[in-house]
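Values in this text are rule-based calculations from the coordinates and carry no lab data. Keep in mind that this is a model prediction, so the values were computed, not measured. Every residue, glycine among them, receives a Cβ derived from its backbone with ideal geometry; neighbour counts consider all protein chains shown.
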Amino acid sequence: MNRSIARLVVVGLTVALAAGAYASQEGEEEELALAYGDKSFVTIASGTRQPVSRAPSVATVITAEDIAAIGAADLDEVLETVPGVHVSRSPILYNPIYIIRGISTQYNPQVLMLVNGIPVTGVFTGNRSQIWGGMPVENIARIEVIRGPGSALYGADAFSGVINIITRTAADIKGTELGVRAGSFKSRDAWVQHGGAWGEFAVAAYLRVGATEGQREMIGRDAATALGTSLAPGPVNLGRDAIDARLDLARDKWRLRAGYQQRDNVGNGAGVASALDPKGSNSGERVSADLTWQDANFGRDLDVTAQASYLNITERSDLTLYPPGSFGFPDGVIGNPYKWERHLRFNLSAFYTGFQSHKLRFGAGTQDDDLYRTRETKNFSTPAPGVLSPLGSVVDVSDSAPFLRPHSRRVNHVYVQDEWAFARDWYLTAGVRHDQYSDFGGTTNPRLALVWETAYNLTSKLLYGRAFRPPSFAELYNINNPVALGNPNLKPETNESVELAFAWQPASTLQTNLSLFRYRMKDILRFVQNPDATITAQNAGEQTGQGFEVELAWEASGSLRLSGNYAQQRSIDAATDRDAGNAPRHHVYARADWRFMPAWTLNTQLNYVADRKREPSDTRPLIADYHTVDLTLRNQKRSANWDLAFTVRNLFNADAREPSPAPGLIPNDLPLAPREWRFEVRHQL
Amino acid sequence: MFSPTTPGYTRHAEFRGRLAAALLGIVLLVATALAWGAGEALLAVVYPDIGEPYREIFEKIIEGIEDKAGTPVGNYPVRPGTDIGALKTSLRRQNAKVVIALGRQGMKTAAALDHSMGMVVGCVLTVPESEARGQPVISLSPDPALLFARLKALMPAAKRVFVVYDPGFNGWLMKLAKEAARAQGMELVAYEAQDLRTALRFYQEIFSATDSRRDALWLPQDPATVEERSILPLVLQESWNQGLAVFSSNVGHVRRGVLFSLYPDNVALGKSLAGLAQGILATGGYGKRGMMPLRDVQIAVNLRTAKHLGLNLSHQQQSFDMAFPEP
């Protein structure tokens, strides 16, 4: 670039000004970019968000800007964009199954979800609890997704991956934002959030109210079809009402956060027993609070954090497991399990940088998981597998024969991790964590990460990690259900993984990442049939897998950004030497962000899900591949801080389906939403 | 089939619908109230009507201006086609005495306004001397004195700073830089280059002559000599290989691998601009005129590069406004 061109670009804006508004903006932006960095950097440099953290593992960070750009309304829509992650569905309430690197199970307890670093795990099935009902994204500042085992730092369930959701603080919100969104399936949401100061406190508050009837795609046949009582063909039931509230108060070293989530009238998806249940519904609440104290200068080179947290989960399910007439039940087979859980945690952690060439992280904690109450009413008993005896009417069996009695567990843990700079540009991170459970005993999980800063634009990593997933209370203590009996003699399932990862920036506008992995799951917790035909939880089975993920992000021009990823995996069930099933072997995600006029952006994303084998015991033909295309048109803060967005998802109305579990009681799988549209308005006061 | 028509469902749905409508109503009411709320203010800000994320920069600067002024100021986003006559009328109605012009478009628009009003310019890199002479201009270029002081703090052994610059673009800054280096007990070794080829030759000369223990390389905001596609990768690669410290006036370079950069503290910049404007209001005349380097800065550091250079920054870490990658 010679001098005259350089001046044309940056200084000689007279020509650009004459060329019209857009050219003028381009010139203005190029000048600003010389001080503030490129567009993606500006939001950091202008103080709207903090730099992302970089875990010594294979991590993806999704910012609030990304979430807005793709027009996402729910967390699941965001997670589908992460390399190596596919969001499938369970027939039960259509709950999300976050398949990470091929590890797919119906209750999905192998993924640890954290909100601000604190698990939201329920202890009954070990997942995010059964009445999930989605998670809105407006109050999310960023999402960090770590693929691969992370138990050496995070403990239980950091098995196939960790999803950490960081909510917006006062500094992220700055003022008051009001928003409404409406769209297909009678979906509507309204929210208000505020960030500001209240005396010496920084205050962030968020309230969202939403409701939807959910998509109504048809299930052609279901588990009741063979009984002649099925309500299929009929639509899936995905309606729900939702309230979400959060409060975040911070002052000096203290931060107090509280959260409330309510889900009402949550539809049963394709049915808890894989039989359509339009009448049944679910409701639940989550109440959470945490108090954190952090002193970055507790001592010389010592950063200390103490945190106490509380989570209460209430779940009420009113289910018609099989429709009226089934098994001679005129009103259907009715079961109404309710449960209440309380989790208390206390953690202390420290970060010490006083040693030459070493960074030491250590901590300890204790937690109390208490499923303190269960209640069940139902109109049947199950004296033997496949036998349903009428109880005459819906009766309360909470004391006589519930699905589970109250149980609790205490978990204590201690961990240490050191990052050792043992040679120039070489770092070895070694860590180990021990978790001691009051029910099944202890488990120790190590990790190693060797990082080589290979060149100015290349980082190479070799990672090893081991993870565990403790047996859930359903697996330990289920009773009165001969097809899913608990077993108190279980041990955790484990996952060991080796990864090789490269982050390479071949040009200023191009960032690439490559991760290669192998894993081995052992002592997999499954419900296994006994000689008497009852089914009991067992540590049974092994699974191995391997694959890779490639990511690309290219700033093609000042107004066009192209990004995407491709993930390939192959997971094999050791007992049958067949594909473990349900997870896509190939997954492509591509995205284009085009700022075609000042303040106007058009986002397009393509999601291609391919080559999903059946589970080894499932003889159905393969499920069809699908691809969906979404569009989001956004006009941002043009006048008086208005932000408008119009989104079309599944633009070409693809018939996208997720696999129903083996043996295929819903033979034609679980249909996803057809074409849908949304309109969103936000206003910053 | 049943759930949408159950009484409970319908009740909830109606409730949510009413709430959504109420929230939308609040949005509209507040927006309307704000639109009517403009009043008299002696300071006016004229800035480019630009999309996100750049708009945020100007919002922050205005926040600083209002903070320092103690009252709201008149805000006028402008575009190339903005009606100057209407803008003049608005400024007169507001009784504006001093215009703070931000950005290239803000400056151009303000220059076409009534010359009876005072003017302060900010958020531009450089303007020709003939244009800068009339009023104070705070550049987006960080003050070399601050850059060099930071270099000394991070790398106490630094003795020489090399730079390749375009005199037409950064000549004014180099005069300040020579003095600033001397004040830190360092020498500024500056090469003039007006095109990419010459710049490249000088960089090669620099890399063959530097001693990484005591030398450092400065990348100014100079599109000719710090060209992003060819020169920057070369500089980053060679400096990495030689272990030479590189710092930049463009904060985006920190993520690419330079050791550190200083970048604008937008709110503080707004306060400085307001301070200059208040000075004009108070005295009726300009105290300072011409280009001034940016002194309201924050620091971004690349810890990966610092480690590669063998610099131990753990004790200084908390004084960094931004660190890449995070420890």
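If each residue of separation counts as 0.36 nm, what is the full-extension length gain between B:ASN95 and B:ARG214 once their alpha-carbon separation is subtracted?
Between B:ASN95 and B:ARG214, full extension yields an extra 37.3 nm.
Seen from all sides and averaged, what is the projected area of the convex hull of the Cα atoms in the stretch A:79-196, in nm²? Can you show the working numbers first?
Details: hull surface 33.5 nm².
Projected over every direction and averaged, the Cα hull of the stretch A:79-196 covers 8.4 nm².
Along the stretch A:671-685, what does the Karplus equation 6.51 cos²θ - 1.76 cosθ + 1.60 (θ = phi - 60°) give for ³J(HN,Hα), rounded to whole Hz, x for Gly and Pro?
Residue by residue, the stretch A:671-685 yields x, 8, 5, x, 4, 9, 10, 8, 10, 10, 10, 10, 9, 9, 7 Hz.
Run the helix sum for chain A: -39,500 (n - 2.57) per DSSP H stretch of 4+ residues, divided by residue count, reported at 222 nm to the nearest 500 deg cm²/dmol.
Helix contribution divided over all residues of chain A: -2000 deg cm²/dmol.
Let me check against my output: what whole-number percent is the relative contact order of the stretch B:267-327, with C-alpha pairs under 8 Å and at least 6 apart?
Computed over the stretch B:267-327, the figure is 31 percent.
Could you give each residue of the stretch A:114-120 its phi-based ³J(HN,Hα) in whole Hz, using Karplus coefficients 6.51, -1.76, 1.60 with θ = phi - 60°, and x for Gly or Pro?
My calculation for the stretch A:114-120 gives 10, 10, 6, x, 10, x, 9 Hz in order.
Per residue and in cubic angstrom, what volume does the convex hull of the Cα atoms of the stretch A:151-258 have? Let's see the in-between values first.
Numbers: hull volume 18.5 nm³, N = 108.
It is 171 Å³ per residue.
Can you tell me how much longer the chain between A:SER389 and A:TRP420 gets when fully stretched, taken as 0.36 nm per residue apart minus their C-alpha distance, in nm with one decimal?
Stretched out fully, the A:SER389 to A:TRP420 stretch lengthens by 4.8 nm.
Please compute the contact order of the stretch A:550-672 in relative form: average sequence separation of alpha-carbon pairs under 8 Å and at least six residues apart, divided by the residue count, as a percent.
Relative contact order for the stretch A:550-672 comes out at 18 percent.
Between B:THR71 and B:ALA112, what FRET efficiency comes out of the Förster formula 1/(1 + (r/R0)^6) with R0 = 25 Å and r the beta carbon distance, rounded to 0.05?
It comes to 0.45.
Express in nm, to one decimal, how much length is gained between A:LEU514 and A:ALA226 on full extension, taking 0.36 nm for each residue of separation and deducting their alpha carbon distance. Could the numbers behind the result be given before it?
Working: separation 288, 0.36 × 288 = 103.68 nm, distance 4.79 nm.
Full extension from A:LEU514 to A:ALA226 adds 98.9 nm.
The protein assembly as shown: percent of C-alpha pairs farther apart than 45 Å?
The calculated P(r) of the protein assembly as shown puts 36 percent of pairs beyond 45 Å.
How about B:LYS178: which lysines have a C-alpha closer than 26 Å to its C-alpha, ignoring those fewer than 8 places off in the same chain?
List returned: B:LYS152, B:LYS159, B:LYS288.
At a threshold of 8 angstrom on Cα-Cα distance, excluding pairs fewer than six apart, so keeping six or more, what relative contact order does chain A reach in percent?
11
Let me know the Rg and Dmax you get for the stretch A:517-587 when you use only its Cα atoms, in Å.
19.2, 68
Checking the cross-link filter: which lysines have an alpha carbon closer than 19 Å to that of A:LYS359, excluding same-chain neighbours under 8 positions apart?
Partners within reach: A:LYS461, B:LYS307.
Modelled label-to-label distance, A:ALA610 and A:TRP642, 7 Å Cα→beta-carbon offset: nm?
For A:ALA610 paired with A:TRP642, the spin-label model returns 4.3 nm.
Would you mind classifying chain B by shape? Square roots of the alpha carbon gyration tensor eigenvalues, ordered a ≥ b ≥ c; an a/c under 1.5 is rounded, otherwise it is prolate if a/b is larger than b/c and oblate if not.
Since a/c reaches 1.5 but b/c is at least a/b, the shape of chain B is classed as oblate.
Towards the positive end of the charge dipole of chain A, with charges on Cβ (+1 Lys, Arg; -1 Asp, Glu), say which of A:ASN457, A:GLY196, A:PRO661 has the farthest Cα.
Of the candidates, A:ASN457 comes out farthest on the positive side.
Give the Cα extents of the stretch A:578-685 along the principal axes, in whole Å, largest first.
Cα extents, longest axis first: 59, 23, 23 Å.
Within the stretch B:222-327, report the chymotrypsin sites (Phe, Trp or Tyr not before Pro) that DSSP leaves as loop and that have at most 12 other Cβ atoms within 10 Å.
Within the stretch B:222-327, no chymotrypsin sites (Phe, Trp or Tyr not before Pro) qualify (loop, at most 12 other Cβ atoms within 10 Å).
Quick one: helix A:21-36 against the long Cα principal axis of chain A, what's the angle to the nearest 10°, folded into 0 to 90?
Taking the Cα atoms of chain A, the angle to A:21-36 is about 90 degrees.
Which loop chymotrypsin sites (Phe, Trp or Tyr not before Pro) in the stretch B:97-167, with loop taken from DSSP, have no more than 16 other Cβ atoms within 10 angstrom of their Cβ?
Working: sites: B:PHE148, B:PHE162, B:TYR165; in loops: none.
Of the chymotrypsin sites (Phe, Trp or Tyr not before Pro), not one in the loops of the stretch B:97-167 has a Cβ with at most 16 other Cβ atoms within 10 Å.
Given points 7 Å out from each Cα along the Cα-Cβ axis, report the A:PHE679 to A:ASP331 separation in nanometres with one decimal.
4.4
Between B:ARG229 and B:ILE84, how high is the FRET efficiency from 1/(1 + (r/R0)^6) when r is the Cβ-Cβ distance and R₀ = 60 Å? Nearest 0.05.
Approximately 0.95, to the nearest 0.05.
Compute the FRET efficiency between A:PHE201 and B:ASN312 as 1/(1 + (r/R0)^6), taking r as their Cβ-Cβ distance and R0 = 45 Å, and round to the nearest 0.05.
0.80
Which one, A:PRO406, A:PHE473, B:TYR191, projects farthest toward the positive side of the charge dipole computed for the protein assembly as shown from Cβ point charges (K/R +1, D/E -1)?
The one lying farthest along the dipole's positive direction is B:TYR191.
Taking the Cα centre of the protein assembly as shown as the origin and placing charges on Cβ (Lys, Arg +1; Asp, Glu -1), which of B:SER261, A:VAL111, A:VAL82 is farthest toward the positive end of the dipole?
So the residue furthest toward the plus end is B:SER261.
Counting only complete DSSP H runs, which helices of chain B cover 18 Å or more along their long axis at the Cα atoms and score a mean Kyte-Doolittle of -1.0 or above? Write down the numbers at each step before the final one.
Numbers: long enough: B:7-35 (42 Å, 0.88); B:54-69 (23 Å, -0.56); B:167-183 (25 Å, -0.18); B:196-209 (20 Å, 0.18); B:266-283 (26 Å, 0.97).
Length and hydropathy pass: B:7-35, B:54-69, B:167-183, B:196-209, B:266-283.
So who's got an amide H within less than 5 Å of the one on A:ALA656, skipping anything under 5 residues away but keeping other chains? H placed 1.01 Å off N, in plane.
For A:ALA656, the qualifying residues are A:LEU672.
List, in order, the whole-Hz ³J(HN,Hα) value for each residue of the stretch A:163-174 obtained from phi through the Karplus relation with A = 6.51, B = -1.76, C = 1.60 and θ = phi - 60°; use x for Gly and Pro.
Using θ = phi - 60°, the values come out as 10, 10, 9, 9, 7, 7, 9, 4, 5, 6, 8, 6 Hz.
Zone of A:LEU458 (label point 7 Å along Cα→Cβ, backbone N under 19 Å): which residues in the stretch B:255-289?
What the label zone holds, given the 19 Å backbone N cut-off, is B:256-258.
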